Amino acid sequence: MTKHKRFIEITLGALFILFCLAQTGCQKLSIELRPVKEVPSEGFIPMKQKSPSSSQSGILYVSSVPEIGLEDVAWVGVQHGPDSRKCGIMIELNDKGRDKLRDYTEGHIGERLGILINGELITAPIIKATIPSGEVASGAEFTCDEAEDIVRKFSEASK
């Protein structure tokens, strides 16, 4: 291979990488449920919620270790909110994930559990009861295009 052809291949590869970084379609999907605290704690990192409620500053402390990850997810779908321009993500866990969620929520009632999508803290509701169903929803925190893109990425990742 000549130096010129090799230079063209490297340049095209770099352009492709830059294009992928500019487009969300090249990113891998990450869905995690992590413990969340309202005060700094060891092993927890500060994060701002995507859309914090007016009663909070928006900064919460998220565990560096997920309780539930993408390998525990069976299905992801779009959930349309009351405002037709906003959508949420509905997450259904597989059997292993459902058991993990049930066991975790049973022992942590009154604490927060954050939903992170692609490393971003979407919401961190307070656990009010054991969740035996294995279903969680993000709330209407996305544009419908963003939500559909997340569902598409999940479909691609699970093939």
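The values are calculated or read from the model by the stated rules, or taken from the named source; none is laboratory data. Nothing here was measured: the structure is a model prediction, and the numbers come from that model. For neighbour counting, all protein chains shown are included, and Cβ atoms are generated from backbone atoms with ideal geometry for every residue, glycine included.
Inspection of segment 72-84 finds no residue satisfying the criterion of being closer than 21 Å to residue 112 by Cβ, in a loop (DSSP other than H, G, I, E, B) and at pLDDT 90 or above. Anything in segment 116-159 that is modelled with pLDDT under 90 and hydroxyl-bearing (Ser, Thr, Tyr)? List them, or say none. Passing the criteria: 123, 138, 143, 155, 158.
Which residue is farthest from residue 37 (Cα to Cα), if the candidates are limited to segment 118-149 and must be hydroxyl-bearing (Ser, Thr, Tyr) and in a loop (DSSP other than H, G, I, E, B)? Steps first, answer last, please.
Of segment 118-149, the ones hydroxyl-bearing (Ser, Thr, Tyr) are 123, 130, 133, 138, 143.
Restricting the remaining residues to those that are in a loop (DSSP other than H, G, I, E, B) gives 130, 133, 138.
Details: 130: 18, 133: 24, 138: 18 Å.
So, considering only residues that are hydroxyl-bearing (Ser, Thr, Tyr) and in a loop (DSSP other than H, G, I, E, B), the one farthest from residue 37 (Cα to Cα) is 133.
In this structure, does residue 23 turn out to be at pLDDT below 95 and loosely packed, with under 10 Cβ neighbours inside 10 Å? It is true that residue 23 is at pLDDT below 95 and loosely packed, with under 10 Cβ neighbours inside 10 Å.
Every condition in (1) in a strand (DSSP E or B); (2) crowded, with 16+ Cβ neighbours inside 10 Å; (3) modelled with pLDDT of 95 or more is met by residue 45 except one, and the failing one is (2).
Quick check on my filter: what residues within segment 69-128 are more than 11 Å from the chain's Cα centre (by Cα) and of a type in the set (S, T, N, Q)? Residues satisfying the conditions are 79, 84, 94, 105. For residue 115, the stated conditions hold: it is assigned to a strand (DSSP E or B), out of contact with any helix residue (DSSP H, G or I) (no Cβ under 9 Å at 6 or more places or on another chain), buried (at least 16 other Cβ atoms within 10 Å of the Cβ) and not acidic (Asp, Glu).
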